[in-house]
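What follows is a set of notes on a single structure, which appears directly below.
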Amino acid sequence: MLSRTADHLFWMARYMERAESLARLLDVTWQMSLVPQSIEAANQSWKAIIVLNSLEEAFGARYQEVTAENVLRFMVCDADNHSSISSCLRMCRENAHAVRGTITSEMWETLNSTWIEARDQSFDKIFASGVGEFFEWVKLRSHLSRGVTVGTLLQDEAYHFIRLGTLLERADNTARILDVKYHVLRPQGHEETTDFYQWGALLRSVSAFENYRKVYRDVITPERVAELLILHRDLPRSLHFCLNGVVKNLEMVANRHSGETLRQAGILHARLHYARVGDILEQGLHNWLTDFMDSIYQIGDGISRDFLVPSQDSN
Amino acid sequence: MDFYNEMTDARGAIRNHYVQYSRWLEVTPMERIARKRAEADLAFHRVGITFAVYGEEAGKERLIPFDIIPRIIPAEEWRSLEAGLRQRVKALNCFLNDIYHDREILRAGKIPEEQVLGNAQFRPVMQGVDVPEGIYAHIAGVDVVRAGAGEFYVLEDNLRVPSGVSYMLEDRKMMMRLFPELFAKYKVAPVQHYPDMLLEKLRAVAPKGVSNPTVVVLTPGAYNSAYFEHTFLAQQMGVELVEGRDLFVSKDQVYMRTTQGTHRVDVIYRRIDDDFLDPLAFRPDSALGVPGLLQAYRAGNVTLANAIGTGVADDKSIYPYVPEMIRFYLGEEPTLNNVPTYMCRKKTDLDYVLAHLPELVVKEVHGAGGYGMLVGPASTKKEIERFRKLLEARPDGYIAQPTLALSNCPTFVEEGIAPRHLDLRPFVLSGRDVEMVPGGLTRVALTKGSLVVNSSQGGGTKDTWVLEG
């Protein structure tokens, strides 16, 4: 497969996953903001979204105040914000367009019509009808694009690069959601918050609420939430699950240059496989997650170097 | 002016090959047709069968309107049209091979030497280069029209990077999806094997000694107006769609960069103009091409389809000599008509053209896509005067032809069904032999009275049915 083709497939998948994760993050923030709380606390959680995406400067240049509406407007539809949901869907579609001969026509039609529908949305309408409906739509389109990929695409190299894009992006996003919400919910790190509603919203944001019940059959505690999202092998949005897939798909596409990247992914996978949640929390969840996101970045960089944009002399 | 109508004869009776269709149209409720037309629009949009329009907002894509009334060609008519097209393309390939080698046709005095050698499309770098099977124009999209009492005329031989074949295939797919019952009434010759035929032709012209050639389609990229077609053909042939940056040349061999290292490329179906192919040889500012490609090509290590330098044969100033080429190389009489052409570089022709501008069609010698032309009868005094000045300033840049009474065919337009003018672009493939699929792209001018069918000028398309028999 052409390196450029693999690059487009990888990013096509990343952007779709990013749009979905963003919808999930905004959705949970919105839901959490509906419970009675101080304005300061509410704005704090909206601000966290901007900080999380390193968009303080871009946001500040366009909006005066951090309010729910401003952050939503900026992150949902703002075409000038390259990290907005609508920008992600556009980039997804553009990458797909560049390889529309490699993906199946059903995949292309799904991604193209997603973009066409997104393009025709206006924020005021979305906001008026309750943002939740829009976030549901984004998730649905993401489910659809994953489904059409699994259901129609030959499971060859193209499929593996798409999976790599999806899983790397998802690992990064689950880590981010956990990082930002865990600390909002448990500011001092020792004082137990038993706000069932809030923890439930966090779990729901990664489709893990019902799974939590199945796995623990017990009340929700912060430790278990962290354990589930980080270490559970079979939860589709957990870090462990993602790294499983990253290693597996990397092995499927391995070439002469990719040994080091595979080694790094293997190490990270092993760390998740053999970790205990108590140790992670003792080390400090924030530090641990920061390290993790760093490693994910390194692996993405390695994939890019080994497969997607190789320099000429490496051939 | 009287026009030949594809569906009805001069007395208004339905022609034999349209009788069934016309009966079907009568009994089919208009709501159903309207619904099907809307369905077609939606499907074309969702599939993204669009083209980019130059000069409009960057990246903007438009649909080419699709008309559901097919253009039907009886078997007998197609047979003679096909024979004429094959003859023509054969002669054009002979001509290209000749002028880049021994130039016998020039020495025989059949074509003025300066017309060929002084032509901007003549590529001196191709002098003496041998290409596999002596084929230069592997893919030709010859524009033909019907005029007068129904005889076919060749309007243009497109031998560089003719496009439109994907619409031919998609239009057929769409018709079969919308109105399958029509295909039970008519035995329509299939066209869907075009990509296989193309791949077979491309593989046949691989460099010597390559037994299992790697074929690729080279595109300028996603913003090119014909990008949809590039992806479509690559996908249908099952070959890689590459951009210039995916390829590199090392020791006169062309390679592509893949996730598994480098891979040799043998045949390039390029959809990039000559000028942009190789920044080292042609336009140095081209970011679309592959540095060193020309060198690899001249060394015989890669085949380009079409070859470099085919533009000299489809140039409008060479066009009048095609019948002469057929006689010279094949020893046959041309079976397809050429349109009488006035060469404005000749004083007598120029005088005639200037005196008859309101009746003539004036075209730029190097123009394409319906840009920069004057259709005398449909133009205002002001436009005619503007062209008069252009002609006087640079007569050798233009040719003129009588305005052909292009045939028309009933077409869905806003006010209902009305006749609109059309042309036909069949695709002629040359490799070890010359082959065609029965049909082509029918383009239709949707504006009332307009004779310009180009999609960039608001033209639409119709499915083209060649009947079996």
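Below, the figures for the structure above:
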| item | result |
| --- | --- |
| Residue in the range A:56-66 that is surrounded by 19 or more Cβ atoms within 10 Å (Cβ to Cβ) and over 25 Å from residue A:308 (Cβ atoms) present | yes |
| Test for residue B:302: is it touching a helix residue (DSSP H, G or I) at 6+ places or on another chain (Cβ under 7 Å), away from chain A (no Cβ under 14 Å) and under 18 Å from residue B:122 (Cα atoms) | no |
| Hits in the range B:450-469 - residues which are small (Gly, Ala, Ser) and under 16 Å from residue B:6 (Cα atoms) | none |
| Qualifying positions in the range A:1-43 - touching a residue at least 12 places away in the same chain (Cβ under 8 Å), more than 14 Å from chain B (Cβ to nearest Cβ) and over 23 Å from the mean Cα position of the chain (by Cα) | A:35 |
| Set B:120, B:137, B:108, B:149: member being in contact with a Leu (Cβ under 7 Å, 6 or more places away or on another chain) and aliphatic (A, V, I, L, M) | B:137 |
| Condition check for residue B:177: in a loop (DSSP other than H, G, I, E, B) and not aromatic (Phe, Trp, Tyr) | no |
| Meets criteria (within 19 Å of residue A:102 (Cβ to Cβ) and charged (D, E, K, R)) for residue B:274 | no |
| Checklist (1) modelled with pLDDT under 95; (2) in a loop (DSSP other than H, G, I, E, B) applied to residue B:412, failing item | (2) |
| Residue match in the range A:168-179 (condition: touching a His at 6+ places or on another chain (Cβ under 8 Å) and touching a residue at least 24 places away in the same chain (Cβ under 8 Å)) | yes |
| Output for the range B:226-255, where each listed residue is assigned to a strand (DSSP E or B) and either at the interface with chain A (Cβ under 9 Å from one of its Cβ atoms) or over 23 Å from residue B:275 (Cβ atoms) (or both) | B:240, B:241, B:242, B:248, B:250, B:253, B:255 |
| Residue satisfying all of: in the range B:66-120; basic (Lys, Arg) and free of Cβ contacts under 8 Å to residues at least 40 places away in the same chain; nearest to residue B:179 (Cα to Cα) among these | B:79 |
| Qualifying residue in the range B:186-194 (condition: within 25 Å of residue B:307 (Cβ to Cβ) and either part of a loop (DSSP other than H, G, I, E, B) or at pLDDT 95 or above (or both)) | yes |
| Filter result for residue B:355 (surrounded by fewer than 18 Cβ atoms within 10 Å (Cβ to Cβ) and free of Cβ contacts under 8 Å to residues at least 60 places away in the same chain) | yes |
| Which numbered condition residue B:346 fails, given (1) farther than 24 Å from residue B:310 by Cα; (2) touching a helix residue (DSSP H, G or I) at 6+ places or on another chain (Cβ under 6 Å); (3) modelled with pLDDT under 90 | (2) |
| Cβ-Cβ under 6 Å pairs, at least 6 apart or on other chains, the range B:310-322 side within 23 Å of residue B:130 (Cα to Cα), far side among the small types (Gly, Ala, Ser) | B:310/B:137 |
| Helices (runs of 4 or more DSSP H) wholly inside the range B:257-351 containing at least 3 residues that are more than 25 Å from the chain's Cα centre (by Cα), acidic (Asp, Glu) and crowded, with 20+ Cβ neighbours inside 10 Å | none |
| Checking residue B:422 against (1) under 21 Å from the mean Cα position of the chain (by Cα); (2) surrounded by fewer than 19 Cβ atoms within 10 Å (Cβ to Cβ), the condition it does not meet | (2) |
| Single residue of B:261, B:221, B:209 found to be among the small types (Gly, Ala, Ser), in contact (Cβ under 8 Å) with a residue 12 or more places away in the chain and either away from chain A (no Cβ under 14 Å) or farther than 30 Å from residue B:465 by Cα (or both) | B:221 |
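Rundown of residues vs (1) under 28 Å from residue B:16 (Cα atoms); (2) within 21 Å of the chain's Cα centre (by Cα); (3) part of a helix (DSSP H, G or I), yes/no style:
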{"residue": "B:162", "(1), (2), (3)": "no, yes, no"}
{"residue": "B:168", "(1), (2), (3)": "yes, yes, yes"}
{"residue": "B:173", "(1), (2), (3)": "yes, yes, yes"}
{"residue": "B:184", "(1), (2), (3)": "yes, no, yes"}
{"residue": "B:197", "(1), (2), (3)": "no, yes, yes"}
{"residue": "B:209", "(1), (2), (3)": "no, no, no"}
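The values are calculated or read from the model by the stated rules, or taken from the named source; none is laboratory data. Bear in mind that the values here come from a model prediction, so they are computed numbers and not experimental data. We place every Cβ from the backbone using ideal geometry, glycine too, and count neighbours over all the protein chains shown.
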